[in-house]
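Each value in this text was obtained by applying a stated rule to the coordinates, not by laboratory testing. Note that the coordinates shown come from a computational prediction; the quantities given were computed from them, not determined experimentally. Cβ: placed from backbone, ideal geometry, glycine included. Neighbour counts: every protein chain shown.
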Amino acid sequence: MHRTHADKAVSKRRRAMVLAVLSSCALTVGITGTASATTTSATAGKQHGTPRTNYVALGDSYTSGPLIPLQVDANCARSDHNYPSLTAREREVTSFTDVSCGGATTAEMWQAQGTNGPQLDAVKRDTDLVTVQIGGNDVGFGSIISTCAGLSSQDPSGNPCQQHYGSAGYDQLTLEILRTAPKVARVLKAVHTKAPHARVVVVGYPDLLPDDGTGCYPSVPFAAKDFPYLRNTEKRLNVMLRAVALLNRADYVDTYGPTVGHDMCKAPADRWIEPLRPTSPAAPAHPNAKGQEAMAQALAKTLGRRR
């Protein structure tokens, strides 16, 4: 298709904006300053007035909803009350396919995971809406949590986790986030190829730790100064996801902002993210049913009113 000068100008501005965002993320390697949450969404897919009836959900355990009743796929720890299922029911979609799977990385978009086939196989040419929440496991969410929890006893008031990941003279986790960016971009490009008319939406990760940087050791066993470090790491991940979405014609859903104040350090009645020892049905350091509902509401806000 012939690109007009206006199209080229928009593309050029979009790329410049994304490069600026990713550059700011890269400059934080080895720096511990507070990062800001990003809430901007991009325009993508069909015009917003067009009905979306064929919905496919891709993602990891933050999408699948492990241990949240009712579990409908033991292999992938998938709940029928995760945010894609809530969204599908609210929007009364014609068809709904949820292939999100606990432990998934971007690699599982192309390869099977247990009984779950390659997630991209679910995306068809007539798919109208695709949500994607991926990248956390590429960065290493699980190993980061276990490593930081294990190091916390060495210096409960310090930042042993940050020192561990910065021992080479740069912040290893920020580097992993930057390395994950092209992997997520490849996923989005594949979705657009398989479903050229679909609206594609990248869903960010919710607020796991207190946004003000305070800790709650030993309830959540991280050292005091590692709480703001890990908070900033998650914010950088979300900044990257937002930038990659913008560059690849996808919307971005901020789930961090709407969940601030409901992190794993809060009292059971107030938290939407369970701590390492959950008191509500959910995996450790994952959204509970209230957290999934909050993400569904954030997604609904981006999608707009059901037509």
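Positive-end ranking of GLN162, ALA267, ALA250 along the dipole of region 52-303, with charges on Cβ about the Cα centre, is headed by ALA250. Region 99-131 and region 162-237 have Cα centres lying 21 Å from one another.
Counted by Cβ distance under 15 Å from ASN232, the other residues give a net charge of -4, where Lys and Arg count +1 and Asp and Glu count -1. For region 218-228, 3J(HN,Hα) computed residue by residue from phi via the Karplus equation (6.51, -1.76, 1.60; θ = phi - 60°) reads x, 4, 10, x, 10, 5, 3, 7, 7, 4, x Hz, glycine and proline entered as x.
With R₀ fixed at 45 Å, the C-beta to C-beta distance from GLN172 to LYS301 puts the FRET efficiency at about 0.85.
Under the combined filter of DSSP loop state and at most 14 neighbouring Cβ atoms within 10 Å, region 130-189 retains these chymotrypsin sites (Phe, Trp or Tyr not before Pro): TYR170.
Cross-linked pairs LYS124/LYS189; LYS194/LYS290; LYS225/LYS266; LYS235/LYS301: Cα-Cα separations exceed 25 Å for LYS194/LYS290.
Rounding to the nearest 20 debye, state how big the charge dipole of region 52-303 is about its Cα centre with +1 on each Lys and Arg Cβ and -1 on each Asp and Glu Cβ.
580 debye
In this structure the amide hydrogen of ARG78, modeled in the peptide plane, comes within under 5 Å of the amide hydrogens of VAL72, ASP73, none closer than 5 places in sequence on its chain. Annotation for ASN75 and SER146: the two label points, set 7 Å from Cα along the Cα-Cβ direction, are 2.3 nm apart.
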